[in-house]
Amino acid sequence: MAAALSEVPDVEIDDGGVFKYVLVRVRAAGGPGKDVVRGHGWAEYHADILERTAQELARRGLDCECLGGGRLAHRPEERKIHVYGYSVGFGRADHSVTTEKLKAKYPDYEITWADEGY
């Protein structure tokens, strides 16, 4: 199961735009976990992203729980991502954790966050 966990990408977000995201803790049964970021413009609700993520992880034998959500403003032409807002259903994610995950995937981007906004 540790191998399955290591194969889960830390970040999967759309290539650009403003969209909802969730911060999710992924675990192998009874084992350690890791936090991942998922953000997509197709989602009407944060729960839509969590549901699809949970289904994908279950196929690998992994569980997950939502730690919160927010929004991402991804501007690839400017090499910028702004993390903000909250999820009505899941609460506000720890945007500082999300920002660190994004910086690892997009090291040449300016990545900022704020608790303000929806």
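Can you pull out the residues in segment 58-75 that are touching a residue at least 60 places away in the same chain (Cβ under 8 Å) and either within 23 Å of residue 44 (Cβ to Cβ) or assigned to a strand (DSSP E or B) (or both)?
62, 74
Given the criteria closer than 18 Å to residue 15 by Cβ and open to solvent by less than 50 Å² (accessible area, probe 1.4 Å), does residue 40 qualify?
yes
So which of 43, 54, 73, 28 is of a type in the set (Gly, Ala, Ser) and either over 30 Å from residue 3 (Cβ atoms) or in contact with a Ser or Thr (Cβ under 7 Å, 6 or more places away or on another chain) (or both)?
73
State all residues of segment 11-25 that are open to solvent by less than 60 Å² (accessible area, probe 1.4 Å) and either among the acidic types (Asp, Glu) or modelled with pLDDT under 95 (or both); if no residue qualifies, say none.
14
Within segment 8-63, can you find the residues that are small (Gly, Ala, Ser), within 19 Å of residue 87 (Cα to Cα) and touching a helix residue (DSSP H, G or I) at 6+ places or on another chain (Cβ under 6 Å)?
Within segment 8-63, 43 is the sole residue that qualifies.
Answer yes or no: is there a residue in segment 91-101 that is in contact (Cβ under 8 Å) with a residue 24 or more places away in the chain and out of contact with any strand residue (DSSP E or B) (no Cβ under 7 Å at 6 or more places or on another chain).
The answer is no; no qualifying residue exists.
Any residue in segment 104-113 that is free of Cβ contacts under 8 Å to residues at least 40 places away in the same chain, exposed (fewer than 14 other Cβ atoms within 10 Å of the Cβ) and closer than 15 Å to residue 10 by Cβ?
There is at least one residue in segment 104-113 that is free of Cβ contacts under 8 Å to residues at least 40 places away in the same chain, exposed (fewer than 14 other Cβ atoms within 10 Å of the Cβ) and closer than 15 Å to residue 10 by Cβ.
The values are calculated or read from the model by the stated rules, or taken from the named source; none is laboratory data. Since the model is a prediction, treat every value here as computed from it, not as a measurement. All Cβ positions, glycine included, derive from the backbone under ideal geometry; neighbour counts span all protein chains shown. Surface accessibility is based on the protein's heavy atoms, side chains included, excluding ligands, DNA and RNA. Shrake-Rupley method; radii C 1.70, N 1.55, O 1.52, S 1.80 Å.
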